[in-house]
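K.L.:
Following this message is one structure expressed as structure tokens.
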Amino acid sequence: MDPPPPPPASIPVPDDLLEEIFVRLPTPDAVARASAACTSFRSVIKGRSFRRRFRAMHRPPLLGFMDAAGFHPAQAPHPSAPLAGALAPCAADFSFVPAVVSSASYVRPAVQEDDGEGPRWRPCDVRDGRVLLDWISFYPRSVHMWSYREGCARREVSILMDSREPVNLNICARPTWTKRERCNAADFHLAVCDPLSIRYVLLPTIPEDLASQPQDLLQEFQPVLAPCTGDDSEEVPFKVICIARYQTKLVLFVFPSTARQWSMVESPIFPSLEHMSCLYDMSSFDYVRGSFYWTDRHDWSDHLMVLDTRTLRFSTVDLLTGYHMELRSLPGQSFDDRRPNAVVLGREGALEMFSLVCQHGAFALYHTSLQNNSQEWKLEKIIQLPGQYRDYSISTIGAAEGFLFFRGALGGLGSIENVDCYSMEVKTYGITKVCTKTEKFLNRRSALPYFSFPPLLSEPTI
């Protein structure tokens, strides 16, 4: 009997066909497994063309949240948990960014417990895989106005204070720490880094002559990271915008990575915007299609405040029209400090918002939209939130990459509480628990959702 014929030689699959197959894999984890299968697969996946196509067709995975306490990776059973766990040591480490202020210049207030670490870099905004860092003490600093008498005259100064320092709101004698009276935009140290590629840019401080031009008392200073507008080249430019709110004006200090030089833009103030800017906590913002939107942190306001990052101009959007008038008047509502509104990335041609409503202890999200050709907000859907937080606390964190984020706490008035962080996909309303983290009650730090492709599929963003 003749031996069986040898199996036909396998025909090599062309690289362009392999690329078409791999680019349709659903997750970065699936691509990583394909890359580990053989060298020919890895060669295709490491190619710049494939990585660019994959990033264009897929949303970057949510790895977790960053705040002043560090990085909180997604936890099982979240689909990003394996990747987040593998990348957590890199995402949580900013030690490769050199210190710019010596520890000798840091004076810890007597009322603050010693954390043993002193000052270090803290994330204040995250976008496009980059992290904007601010050099602060363990507790975030903020600008406070201090009044005092000098003879018969009443004076006011702007002071950078640690959030745990006691604030005496009464008019007092002239403070002895006179150096802090000169608080202006030149007092802030910023850096931008890509933690997964271990790259960074130290931004120069705003020049003193530029920072002193507003000739007004600084009340709030909020740096934000403007979205990427590059063409996926080797070095994609970024832009840092610092919103400085003074007593009578709004000023933007802008640092483009291409020019590497600060410039100042003073916003033309009209009465409604000047009034609105005093209502808002400038740290409560969302980014949608090239613009930042500010909402009132505690309650409903008449307008949204909008900054177009391309023209660097402020504008407003009427908020109390259509269904929002009915929503604001729902009986039995309570607000506390839970940031009721968040603007989200939704359909083209529409501005979409989710409003957190607490009625009689139960929480729900009201999805409303404003079409470009309409002046009336309309109701899209009401989403009931997890019932275990009834009579406790839920607050929205913000929105990014087509998700809304919120957190719920079961704790009472204790000093420490476990906080559950959730994501909700805007298109499907699907709610997924991301992680649980520990926070100090009434000392909640801003949580920043961190999205990024793994180094196998990404280019360094700096």
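K.L.:
Can you confirm whether F335 is surrounded by 14 or more Cβ atoms within 10 Å (Cβ to Cβ) and either at pLDDT 85 or above or not in a loop (DSSP other than H, G, I, E, B) (or both)?
P.N.:
So F335 fails the test.
K.L.:
Any idea which residue in region 339-362 is surrounded by the fewest Cβ atoms within 10 Å (Cβ to Cβ), counting only those that are within 15 Å of L320 (Cα to Cα) and of a type outside the set (G, A, S)?
P.N.:
If we take residues in region 339-362 being within 15 Å of L320 (Cα to Cα) and of a type outside the set (G, A, S), then E352 is surrounded by the fewest Cβ atoms within 10 Å (Cβ to Cβ).
K.L.:
Now a separate question. In the list D16, D2, which residue meets the criterion of being assigned to a loop (DSSP other than H, G, I, E, B), open to solvent by 60 Å² or more (accessible area, probe 1.4 Å) and among the acidic types (D, E)?
P.N.:
D2
K.L.:
Has region 375-383 got any residue that is surrounded by 13 or more Cβ atoms within 10 Å (Cβ to Cβ), modelled with pLDDT under 85 and not in a loop (DSSP other than H, G, I, E, B)?
P.N.:
The answer is no; no qualifying residue exists.
K.L.:
Counting just the residues of region 87-104 that are assigned to a helix (DSSP H, G or I) and open to solvent by 70 Å² or more (accessible area, probe 1.4 Å), which one comes out nearest to S423 (Cα to Cα)?
P.N.:
P89
K.L.:
Step by step: first the residues of region 292-302, then only those that are surrounded by fewer than 18 Cβ atoms within 10 Å (Cβ to Cβ) and touching an Asp or Glu at 6+ places or on another chain (Cβ under 9 Å), then the one that is modelled with the highest pLDDT. Which residue is that?
P.N.:
Here the residue is D302.
K.L.:
For region 33-87, enumerate the residues that are within 30 Å of R407 (Cβ to Cβ), out of contact with any His (no Cβ under 9 Å at 6 or more places or on another chain) and among the small types (G, A, S).
P.N.:
A68, A69, G70, A74, A76, S80, A81, G85, A86
K.L.:
In region 408-418, is there at least one residue being in contact with a strand residue (DSSP E or B) (Cβ under 6 Å, 6 or more places away or on another chain), at pLDDT 90 or above and not charged (D, E, K, R)?
P.N.:
For region 408-418, residues in contact with a strand residue (DSSP E or B) (Cβ under 6 Å, 6 or more places away or on another chain), at pLDDT 90 or above and not charged (D, E, K, R): absent.
K.L.:
Considering only region 63-85, state which residues are within 17 Å of D194 (Cβ to Cβ) and either assigned to a loop (DSSP other than H, G, I, E, B) or touching a residue at least 24 places away in the same chain (Cβ under 8 Å) (or both).
P.N.:
Passing the criteria: L63, G64, M66, F71, L83.
K.L.:
Counting just the residues of region 223-235 that are at pLDDT below 90 and open to solvent by less than 20 Å² (accessible area, probe 1.4 Å), which one comes out farthest from L132 (Cα to Cα)?
P.N.:
P227
The values are calculated or read from the model by the stated rules, or taken from the named source; none is laboratory data. Predicted model only: the values in this text are computed from it and were never measured. Note that we place each Cβ from the backbone using ideal geometry, even for glycine, and neighbour counts take in every protein chain shown. Only protein heavy atoms, including side chains, enter the accessible area calculation; ligands, DNA and RNA are left aside. Shrake-Rupley method; radii C 1.70, N 1.55, O 1.52, S 1.80 Å.
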